[in-house]
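The block underneath contains the structure these notes are about, expressed in structure tokens.
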Amino acid sequence: MSYQALYRVWRPQQFKDVAGQEAVTRTLKNALSHGNTSHAYLFSGPRGTGKTSAAKIFAKAMNCKNPKDGEPCNECDLCRSITQGKLGDVIEIDAASNNGVEEIRDIREKANYAPTEAEYKVYIIDEVHMLSMGAFNALLKTLEEPPMNVVFILATTEPHKIPLTIISRTQRFDFRRISAQDIIRRMTYILNEKNVEFDPDALMSIAKAAEGGMRDALSILDQVISFSDGSVTLDDTLRITGSITQDLMIDYISAALNHDTEKGLGLLHQMMQEGKDANRLVEDVILFSRDILIYQKTKDENLLKMSKVDERFSELTVNAQPEKIYDIIKIMNQTQQEMRTSTHAEVYLEVATVRLAQIKSEPVVTTQSEVKKDTDESQEIQSLKNKLKQMQKAIEQMQKNGSDSETVRAPKRKTSRKAAGQTVFKVNTHQVFGILKQATRNDLAKLKDVWPDLINALSTSQKAIMNTSKPVAASPHGLVVTFDYDILCERAANDTFLIDAVGDYLEKVIGHRAELATVPSDKWMDVRQAYIDQMKNENGNQEESTKQEETKETDEVDAVVSEAVNLFGKENVTIAD
Amino acid sequence: MSTKTTKQPEIKKQFMKLIEKEKVQHAYLFEGATGTGKTETALWLAQSLFCGDFSEGPCENCHICQRISSHQHPDVIELAAEGISIKINQVRELKQEMMKSGMEGRKKFILVKDVEKMTTQAANSLLKFIEEPEGDILIVLTTTAKHRLLPTILSRVQLVHFPRLSKEQRVLSLQDEGLSKDQAAVLSQLTSDTEQAIELSKNETLTSLIDAVWKWYNTLSKKDEQAFVYVHTEIMPLVKGKAEYHLVMDLFLIILQDILNVQMSKNYSVGYLKYQNKIRQEAERLSVGILADLMEIILRGKKYLDSNVAAQGVFEKVTIQMLTIMKKTI
């Protein structure tokens, strides 16, 4: 429409305006001022780095009647008509739409005619990588030895698609990505010319989003200006680039580092709801993590790609462990790759967020497997114990009844299973009774208060175990916890890491460590009753007697069981403790 | 494509401001998920530019506005994929057309839908054109997959992101269309496009599929080996064709997402509304890590489906993998 985009209005018209390509522009200028121009050039480089602009300036400088040190004057008729694209001797061709042999033949034919107005006939072939193979080959001979006063400038973003035979016939100039500083300088210049107020931070974030393309930068700038009524603010910029504020990013990364899955997912949903681009988010997390690493090592603010050093950032870098950051980068990288081919970006991000929050768990993961091993072993022990108990009961029965083994077997199994369950906390009865002896209502109330927080503070795998737990009794130095499932009870009792974690937390919150005793909830009433009974008649020596019986019987059974006796013996020792 | 609902009022307001200030650029890219109102907004923009009676938006009543909304206006040119892609010939024709000035005025408006479907040649040949179009031309490109566009295209346009309507909004609009609450909840998760959702809701297999997938999940969650057989007996007879295979996976994903998010925030609006209580129970039981594992399995399954692995094989593989994980749970 009548309004012209910034990148069109501010297209550089002189070599010195082409930002960030000093090496290229100086070479071209020198060649021009010494009259050493070649007949074929290839300009390659990423989008928005000034290839087409440089080609046009070059065409002007070649034809300009009063050039100054290789720069065009931009005032003479020729310069002006080239700028307006009206001069018949400077021909800009879109190779992407005219990519056939036919079009190239046409060029070849017309190249034979001498220029009409200007001194040189300049063919600017843009997007030259789209030429067909036949077209490239048709161009070869002309490109090598064009007629007098004909210059070819090929421009492309994808030089690898160009045949070597073409490249070898041209002088090749590689345009580099424009550094953020250069982009900012140029934008500042433009904004000052336009009398627009701006926030330097906003320019920084535009420059970062532009990824080295000046046209991208100016497009975004244009959008920001029109979005925000003629001033450039950071908020508007972030909204348009779809980037996230540093604060939000720090929140997200901290949530990941603190294993706060809930907060991480909450933030993620918030960002998605605001319409942030999933791909950009992943990229930002990776870049931000990179910045953390770099800042940790160098403390050099200039090396940072997207973050600004402020209080929270430096605090984060001090506290973050590099290993965790590596893991974040690794996970995000993988997510990025997978997201590329999928439409489920949000699900991938959710998964990634969960994974991020679990990173630290690595030591815990190993303990988990250890725990599993433990439980495997203890299960084995358990089954052996069961056998023992079975036999023991059988013998007891035999001793008592002296007969009818068939009828005994059925109840025997049931009792044995119960016994198996009991053995888990029989180990603990001593401990439980010890705690119960000193238990007070006050301690219990205190614990009940902190219990949900405690579960939240645990790592996920531990949380899974502790989720159904309830404190039922507490003394100043111990607590009894019930579990809904026997297996959880057993796991919790065997997981020294878990017990340590609970201890640590309690130490922090209520000021002292507490011994943890576990009981399945359905057994709790029994245990309590047993305790009350025991208190009534202080003679809890039955255990010992059964123990003696066991050892007697085990003498008679086979090798497997004798091994179990060893194990069982150990268990007994702990009970005796 | 009538403007019955005003999706994206924010974006429209923004454009209104631009039109008033005469700062409309020459090329825009509307990017956002399906059903976020991209085409609708583009046509609205065309009306705003052409309508003689412009104040507070186009009148939508005059001859011009109506011709635009019924795709009849000669100076509003729409380009969409022929078959699976937009081909270079279409772009060439378009450019030919653009050499001429407008039929009725000087202005021209071009709408290219789903630019990501352009072939490489077509996209490249558009480059020079959208950088510096000659004359009074406004080009609007729409896409659902921005990352599949050429960076050279992206750098030449102004990007307008169309945020997805919030889930609550979508559920409400679906309910307005006469869907039941349960259906609206699932469908709003399945797609953000209201029209597509309504289309899906007419599909009878979907209803039975929603339940079938839930049962599938349930057998899995019970660590029941029958889940493997279930795929063959219950799921496979219901589905036919790639789109429906993906639907199965998507529904499963919704269950998992529900469980995960319920765990995280109590007032998350569940997709599987019918089974809300059971989902809350599952949320108590399964750890986030396990859920993430399950989700990854499904996502991988979807990739297999994409590369044309037989659906039953994929489902079965997924089942076995999930069973092994479920077995590790309590």
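The values are calculated or read from the model by the stated rules, or taken from the named source; none is laboratory data. Since this is a predicted model, take the numbers as computed values, not measurements. Glycine also receives a Cβ, built like all others from the backbone with ideal geometry; neighbour counts cover every protein chain displayed. With ligands, DNA and RNA removed, areas are computed over all heavy atoms of the protein, side chains included. Shrake-Rupley method; radii C 1.70, N 1.55, O 1.52, S 1.80 Å.
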*asked:* Can you say whether B:Arg106 is basic (Lys, Arg) and outside any helix (DSSP H, G or I), as far as the supplied structure shows?
replied: yes
*Subset of region B:229-273 [open to solvent by 60 Å² or more (accessible area, probe 1.4 Å) and over 24 Å from B:Val288 (Cα atoms)]*: B:Val229, B:His232, B:Thr233, B:Glu234, B:Pro237, B:Lys240, B:Lys242, B:Ala243
_Checklist (1) away from chain A (no Cβ under 14 Å); (2) open to solvent by 10 Å² or more (accessible area, probe 1.4 Å); (3) in contact (Cβ under 8 Å) with a residue 60 or more places away in the chain; (4) farther than 30 Å from B:Met236 by Cα applied to B:Asp182, failing item_ = (4)
*Hey, among B:Ser269, B:Ser208, which residue is of a type in the set (S, T, N, Q) and touching a residue at least 40 places away in the same chain (Cβ under 8 Å)?*
B:Ser269
*Could you look through region A:205-234, keep only residues that are among the charged types (D, E, K, R) and more than 23 Å from B:Val24 (Cβ to Cβ), and pick out the one that is most open to solvent (accessible area, probe 1.4 Å)?*
A:Glu211
*asked:* Residues that are assigned to a helix (DSSP H, G or I), more than 12 Å from chain A (Cβ to nearest Cβ), open to solvent by 60 Å² or more (accessible area, probe 1.4 Å) and over 27 Å from B:Leu200 (Cβ atoms): does region B:297-317 have at least one?
replied: no
*Hey, does region B:211-220 have a residue that's within 14 Å of chain A (Cβ to nearest Cβ) and within 28 Å of B:Ser287 (Cβ to Cβ)?*
no
*asked:* Please pick out the residue among B:Lys23, B:Lys17 that is facing another protein chain (nearest Cβ under 10 Å), surrounded by fewer than 23 Cβ atoms within 10 Å (Cβ to Cβ), more than 16 Å from the chain's Cα centre (by Cα) and not in a helix (DSSP H, G or I).
replied: B:Lys23
*Among all residue pairs at least 6 apart or on different chains, which show Cβ distances below 7 Å where the first residue, located in region A:311-335, is closer than 26 Å to A:Val351 by Cβ and the second is assigned to a helix (DSSP H, G or I) and aromatic (Phe, Trp, Tyr)?*
A:Thr335/A:Tyr348
*Could you pull out the residue among A:Ala59, A:Ala54, A:Ala111 that is surrounded by 24 or more Cβ atoms within 10 Å (Cβ to Cβ), away from every other protein chain (no Cβ under 13 Å) and touching a Ser or Thr at 6+ places or on another chain (Cβ under 9 Å)?*
A:Ala54
*asked:* For the list (1) within 14 Å of chain A (Cβ to nearest Cβ); (2) farther than 27 Å from A:Gln270 by Cβ, I need the number of the one condition that B:Glu177 fails.
replied: (1)
*Filtered residue count, region B:279-296, keeping only those that are among the charged types (D, E, K, R), open to solvent by 10 Å² or more (accessible area, probe 1.4 Å) and either more than 9 Å from chain A (Cβ to nearest Cβ) or in contact with a helix residue (DSSP H, G or I) (Cβ under 7 Å, 6 or more places away or on another chain) (or both)*: 3
*State whether the residues of region A:130-139 include one that is among the aromatic types (Phe, Trp, Tyr), within 27 Å of A:Lys65 (Cα to Cα) and either outside any helix (DSSP H, G or I) or open to solvent by less than 10 Å² (accessible area, probe 1.4 Å) (or both).*
no
_Suppose we filter region A:463-475 for residues that are within 10 Å of another protein chain (Cβ to nearest Cβ) and in contact with a Leu (Cβ under 6 Å, 6 or more places away or on another chain); how many remain?_
1
*Residue by residue through region A:239-266, note down the ones that are over 30 Å from A:Lys463 (Cα atoms), within 12 Å of chain B (Cβ to nearest Cβ) and either free of Cβ contacts under 8 Å to residues at least 24 places away in the same chain or in a helix (DSSP H, G or I) (or both).*
A:Arg239, A:Ile240, A:Thr241
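Let's see how each residue does on (1) at pLDDT below 90; (2) within 13 Å of another protein chain (Cβ to nearest Cβ); (3) under 46 Å from the mean Cα position of the chain (by Cα):
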site: A:Thr116; (1), (2), (3): yes, no, no
site: A:Tyr120; (1), (2), (3): no, no, no
site: A:Asp126; (1), (2), (3): no, yes, yes
site: A:Met130; (1), (2), (3): no, yes, yes
site: A:Asn137; (1), (2), (3): no, no, no
site: A:Leu140; (1), (2), (3): no, no, no
*Which one of these does B:Tyr268 not meet: (1) within 29 Å of B:Val171 (Cα to Cα); (2) part of a helix (DSSP H, G or I)?*
(2)
_I'd like to know if region A:524-534 contains one or more residues that are in a helix (DSSP H, G or I) and modelled with pLDDT under 75._
no
*Failed criterion for B:Phe162 (all others in (1) touching a Gly at 6+ places or on another chain (Cβ under 9 Å); (2) at the interface with chain A (Cβ under 7 Å from one of its Cβ atoms); (3) open to solvent by less than 30 Å² (accessible area, probe 1.4 Å) hold)*: (2)
*Are any residues in region A:333-357 open to solvent by less than 50 Å² (accessible area, probe 1.4 Å) and touching a His at 6+ places or on another chain (Cβ under 8 Å), and if so, which ones?*
A:Ala357
*Qualifying positions in region A:183-204 - surrounded by fewer than 20 Cβ atoms within 10 Å (Cβ to Cβ) and of a type in the set (D, E, K, R)*: A:Arg185, A:Glu193, A:Lys194, A:Glu197, A:Asp199, A:Asp201
*Considering only region A:19-103, give the helices (runs of 4 or more DSSP H) lying wholly within it that have at least 3 residues that are among the charged types (D, E, K, R).*
A:22-33, A:51-63
*Counting just the residues of region A:154-187 that are in contact with a Pro (Cβ under 8 Å, 6 or more places away or on another chain) and part of a helix (DSSP H, G or I), which one comes out nearest to A:Glu144 (Cα to Cα)?*
A:Ile167
*For region B:60-83, which residues satisfy the criterion of being in contact with a helix residue (DSSP H, G or I) (Cβ under 6 Å, 6 or more places away or on another chain) and part of a loop (DSSP other than H, G, I, E, B)?*
B:His73, B:Ala81
*asked:* Suppose we keep only residues that are buried (at least 19 other Cβ atoms within 10 Å of the Cβ) and outside any helix (DSSP H, G or I) within region A:2-18. Which one would you say is nearest to the other protein chains (Cβ to nearest Cβ)?
replied: A:Ala5
*Say we look at region B:194-225 and pick out the residues that are within 30 Å of B:Glu40 (Cβ to Cβ) and exposed (fewer than 14 other Cβ atoms within 10 Å of the Cβ); which of these is farthest from the chain's Cα centre (by Cα)?*
B:Glu204
*Can you name the condition, by its number, that B:Val115 falls short on among (1) under 24 Å from the mean Cα position of the chain (by Cα); (2) over 19 Å from A:Ala5 (Cα atoms); (3) within 10 Å of chain A (Cβ to nearest Cβ); (4) touching a residue at least 24 places away in the same chain (Cβ under 8 Å)?*
(3)
*Considering residues of region A:220-238 that are in a helix (DSSP H, G or I) and within 9 Å of chain B (Cβ to nearest Cβ) only, the residue nearest to the chain's Cα centre (by Cα)*: A:Ile220
